[in-house]
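Undergrad: Structure provided below as structure tokens; questions to follow.
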Amino acid sequence: MSLSARVGVGLRPTHYSKILEVWPKEVDHFEVISENYMFSQGRPLETLLKIREHYPIFAHGVSMSVMSAVGPSDDYLKALKSFYNLIKPEITSDHLCWTGHAHDNLHDLLPFPFTNEFLDLAVRNISKVQDVLGRSMAFENLSAYMAFKNSDFTEWEFLKEVCLRSGAKLLFDLNNAWVNAVNFGYDPLLCVNSIPKKIVAQIHLGGPTDTGKFLFDTHSTKIPDEVWGILHQTAARFHDIPIIIEWDSDIPEFDVLLGEVKKARSIIESEFIKAGEANVHF
Amino acid sequence: MSTFEFQKLFSRAFKTGTDLNEFDFTPAGSLQPKEALEVYRQGYPARLFEALGETYETLWKVLGDEDFEALCLDYISLHPSSSPNLTDYGEDFSKYLLQKKEIFEESVLLSDLAHFEWEFKECFHSAFESPLVELSSAIFSEPIENINFELLISLRAIPLEYPVYRLHGIDGDVQRFLEVRGARSDHPISLVRSENGVRTVPITSKLLEFLSILKSGSFTLECLTSYCAENSELTVSLISELAHKSLLKKVTVTA
């Protein structure tokens, strides 16, 4: 088995000029926030189309609201489909969450209890979404600040069931898995080791903020050692799953992101070699 | 509790900061239940404020941090967001500012600036098209009904009482602000996408009026015919101004 680690970063406007100037070879792909481009015909989209000529693009949404009780909006899905048709992204994703109720968009990735009712809702809505879009989607596990006691499943059981029943994939955010484990007091590997590789389409790595009372998913810092530790633990198993480094607030120079890209690739490679020497089969 | 009921009640708690009794949950870390809800509640105005700040960058500089933030938070409390696209938020900020006459002496100027910045943002997100470079004078010998012209899709025409476009993109230039404040008159402008951004083009009041009729949905020929009536000089003048200012995509003549 050969190694094919693929690591990229979230594309943010502050880095456009640097990327267009140097076309960084260290980056295998870029991930864009779909909503930043799907409603625009202007400069941001033109820039993305230029970058698209050189790199595979992953399209990651924040407003599908796939867990909405009334389902995602038809207009939203129509606009998203047009955007996908234009960009032809390699991986398309959103979050396993809801973002508003009735006419109100609350612009947040909102939590819900992991109950059978919400599982049925997830499967129903995802099936509709995948039918309308004509493609398989990946959905990201959330960072949450409340865990509902009436849940029928653990988070990881719920994620697995959703993917197995709907045919969707998991965008596995290792930072979110760690944040939730710390915030709700369990071992992150309980979650990570329960996720079968066959449902994982992509991995996110990012850095949260420690507020002193809880970990807050801000994507505003370097990836913490604990999350690198989880990548070490999972690298051999997930070695060929594409990775994205996310950084959304207090965005640093592009070279800092490249440092994180190199570190992620180095971990995957070293763990893959170690596993090969140990004759581990994946 | 159904999924619909859960989301309805959670949304209400999100908006009011109360009514948490319906939910039995473990808050993250050492947070109290109410504090956990606040983590979500505080994100909402913060995101909408960020969106307003991106659109109304110059207005922010003119007003200063304190006033801009106070106005934004008041606007956010009065105008819930309904679009999945944060960039869509704040369309009525210009109208909202007009209602602040008692607080801000320059409310009309501030409203003009907000109107300009909103249209600038809309134009920035429009597709770029190459404008018509040269207009043949032979066109003016044709009857009006044979002339078809197409405007650039990004074109926006707006009435302004103050030349606020002169403030756009500048930082803390008090002298410039005073000049703009002292220049109250009619300052109609148009905005079009250029290859690298947005072009601001002052236009005549006549052209603004004509473009406003067009934007209301009239067909070009119908509009030109009714607006210019049989006045061929006006027709020539309007089309010439549109061409001269590079606001036309193309002009064709049908036999």
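Quick note: the coordinates plus some simple rules give every number you see, no bench work behind them. Every value quoted in this text rests on a predicted model; they were computed, and no experiment measured them. Counting neighbours? That spans all protein chains shown, and the Cβs are built from the backbone with ideal geometry, glycine included.
Undergrad: Report the convex hull volume per residue for region A:170-243, counting only C-alpha atoms, in Å³.
TA: Details: hull volume 6.0 nm³, N = 74.
Taking the convex hull of the Cα positions in region A:170-243, it is 81 Å³ per residue.
Undergrad: So if I restrict to the alpha-carbon atoms in region B:1-141, what is the Rg, and what is Dmax, the biggest pairwise distance, in Å?
TA: Rg, Dmax (Cα atoms, Å): 21.7, 81.
Undergrad: Run through region A:1-95 and list the GluC sites (Glu not before Pro) located in a DSSP loop whose Cβ has at most 10 other Cβ atoms within 10 Å.
TA: On the way: sites: A:E21, A:E26, A:E31, A:E35, A:E46, A:E53, A:E90; in loops: A:E26, A:E53, A:E90.
Loop-located and lightly packed - A:E53.
Undergrad: Based on the alpha carbons, how large is the Rg to Rh ratio for region B:109-210 when Rh follows Kirkwood?
TA: 1.05
Undergrad: Any chance you could run the full-extension gain for B:R166 through B:S232? It's 0.36 nm times the residue separation minus the Cα-Cα distance, nm to one decimal. Numbers along the way, then the final one.
TA: Working: separation 66, 0.36 × 66 = 23.76 nm, distance 3.44 nm.
Contour length minus the Cα-Cα distance gives 20.3 nm.
Undergrad: Would you mind pulling out the separation of the Cα centroids of region B:1-52 and region B:153-213, in Å?
TA: Cα centroid of region B:1-52 versus Cα centroid of region B:153-213: 42 Å apart.
Undergrad: If I take R0 = 45 Å and measure r between the Cβ atoms of B:E91 and B:I144 in this structure, what FRET efficiency does the formula 1/(1 + (r/R0)^6) give, to the nearest 0.05?
TA: The value I calculate is 0.80.
Undergrad: What trypsin sites (Lys or Arg not before Pro) in region B:65-108 are in a loop by DSSP, with at most 13 other Cβ atoms within 10 Å of the Cβ? Don't skip to the end; give the middle numbers.
TA: Values: sites: B:K95, B:K100, B:K101; in loops: B:K100, B:K101.
Passing both the DSSP loop test and the Cβ count: B:K101.
Undergrad: Could you give the length gained by full extension between B:K15 and B:A255, i.e. 0.36 nm per residue of separation minus their alpha carbon distance, to one decimal place? Intermediate results must be reported in sequence, preceding the final value.
TA: Values: separation 240, 0.36 × 240 = 86.40 nm, distance 6.22 nm.
Between B:K15 and B:A255, full extension yields an extra 80.2 nm.
Undergrad: To continue, here is another question. If each residue of separation counts as 0.36 nm, what is the full-extension length gain between A:S270 and A:R135 once their alpha-carbon separation is subtracted? Write down the numbers at each step before the final one.
TA: Numbers: separation 135, 0.36 × 135 = 48.60 nm, distance 3.41 nm.
The span from A:S270 to A:R135 would gain 45.2 nm if fully extended.
Undergrad: In deg cm²/dmol, rounded to 500, what helix-only [θ] at 222 nm does the protein assembly as shown give when every DSSP H run of at least 4 residues adds -39500 (n - 2.57) and the total is split over its residues?
TA: Working: 19 runs with 235 residues, N = 537.
When only DSSP H runs of four or more count, the value is -13500 deg cm²/dmol.
Undergrad: OK, next. Expressed as a whole number of Å, what is the distance separating the alpha-carbon centroids of region A:15-33 and region A:221-282?
TA: 18 Å
Undergrad: DSSP beta bridges in the protein assembly as shown, what fraction antiparallel, as a percent rounded to 5?
TA: Values: 21 of 46 bridges.
Of the beta bridges lying entirely in the protein assembly as shown, close to 45 percent run antiparallel.
Undergrad: Let me check the size of chain A from its C-alpha atoms; what are the radius of gyration and Dmax in Å?
TA: Computed over the Cα atoms of chain A, radius of gyration and Dmax are 18.3, 57 Å.
Undergrad: Moving on. Do you know the relative contact order of region B:1-102, to the nearest whole percent, from alpha carbon pairs under 8 angstrom that are 6+ apart?
TA: Values: 44 pairs, mean separation 20.3, N = 102.
Over region B:1-102, the number comes to 20 percent.
Undergrad: Can you divide the C-alpha Rg of region A:1-109 by 2.2 N^0.38 Å and report the result to two decimal places? Can you show the working numbers first?
TA: Numbers: Rg = 15.4 Å, N = 109, 2.2 N^0.38 = 13.1 Å.
Normalised by 2.2 N^0.38 Å, the Cα Rg of region A:1-109 equals 1.18.
Undergrad: Further question: Let's test the formula: R0 of 30 Å, r as the Cβ-Cβ distance of B:A127 and B:E69. What FRET efficiency results, to the nearest 0.05?
TA: Details: r = 34 Å, r/R0 = 1.13.
E(calc), rounded to 0.05, equals 0.35.
Undergrad: What is the Å³ per residue value for the convex hull set by the Cα atoms of region A:38-101? Intermediate results must be reported in sequence, preceding the final value.
TA: On the way: hull volume 5.2 nm³, N = 64.
Looking at region A:38-101, the number lands at 82 Å³ per residue.
Undergrad: For region A:1-137, give the share of DSSP beta bridges that are antiparallel, in percent and rounded to the nearest 5; count only bridges with both residues there.
TA: Within region A:1-137, antiparallel bridges account for around 25 percent of the total.
Undergrad: For region B:108-140, run through the chymotrypsin sites (Phe, Trp or Tyr not before Pro) and keep only the ones in DSSP coil with at most 13 other Cβ atoms within 10 Å of their Cβ. Write out the running numbers ahead of the final one.
TA: Numbers: sites: B:F116, B:W118, B:F120, B:F124, B:F128, B:F140; in loops: B:F128.
Within region B:108-140, no chymotrypsin sites (Phe, Trp or Tyr not before Pro) qualify (loop, at most 13 other Cβ atoms within 10 Å).
Undergrad: List residues of region A:56-73, by number, whose backbone nitrogen lies under 16 Å from a label position 7 Å along Cα→C-beta of B:K8.
TA: A:68-71
Undergrad: Please work out the Cα center distance from region A:137-168 to region A:80-134, rounded to the nearest Å.
TA: When both Cα centres are located, 13 Å separates them.
Undergrad: Further question: For the residue pair A:A102 and A:S127, what label-to-label distance in nm results when each label sits 7 Å from Cα along the Cα-to-beta-carbon direction?
TA: Distance between the two pseudo-spin positions: 3.0 nm.
Undergrad: Then there's this: Mind pulling the angle between the C-alpha long axis of helix B:65-78 and the longest principal axis of chain B? Nearest 10 degrees, somewhere in 0 to 90.
TA: 80 degrees
Undergrad: On to the next question. If you wrap region A:68-160's Cα atoms in a convex hull and average its projection over all directions, what's the area in nm²? Don't skip to the answer; put the middle values down first.
TA: Details: hull surface 25.7 nm².
Mean shadow area of the hull around the Cα atoms is 6.4 nm².
Undergrad: Ratio of chain B's C-alpha Rg to 2.2 N^0.38 Å, to two decimals?
TA: Numbers: Rg = 24.0 Å, N = 255, 2.2 N^0.38 = 18.1 Å.
It is 1.33.
Undergrad: What translational diffusion coefficient, to the nearest whole µm²/s, does region A:215-268 have by Stokes-Einstein, given a Kirkwood radius computed over alpha-carbon pairs, a temperature of 25 °C and 0.890 mPa s viscosity? Please report the intermediate quantities before stating the final value.
TA: Working: Rh = 11.9 Å.
Using the Kirkwood radius from Cα pairs, D works out to 206 µm²/s.
Undergrad: Related question: What FRET efficiency comes out for A:T154 versus B:S77 if R0 is 56 angstrom and r is the Cβ-Cβ distance? Round to the nearest 0.05. It would help to have the intermediate numbers written out before the result.
TA: On the way: r = 38 Å, r/R0 = 0.68.
The pair A:T154/B:S77 has a calculated efficiency of 0.90.
Undergrad: Using the C-alpha atoms of region B:110-155, what convex hull volume per residue, in cubic angstrom, is computed? Display every interim value, and only then the final one.
TA: Numbers: hull volume 5.3 nm³, N = 46.
For region B:110-155, the hull spanned by Cα atoms encloses 116 Å³ per residue.
Undergrad: So if I take the alpha carbon set of the protein assembly as shown, get Rg, then get Rh from the Kirkwood formula, what is the Rg over Rh ratio?
TA: Numbers: Rg = 26.8 Å, Rh = 26.0 Å.
Dividing the radius of gyration by the Kirkwood radius yields 1.03.
Undergrad: Related question: In nanometres, what is the gap between the two model label sites at B:E105 and B:E54, each 7 Å from Cα along Cα-to-Cβ?
TA: Taking the two extended label points, one gets 3.5 nm.
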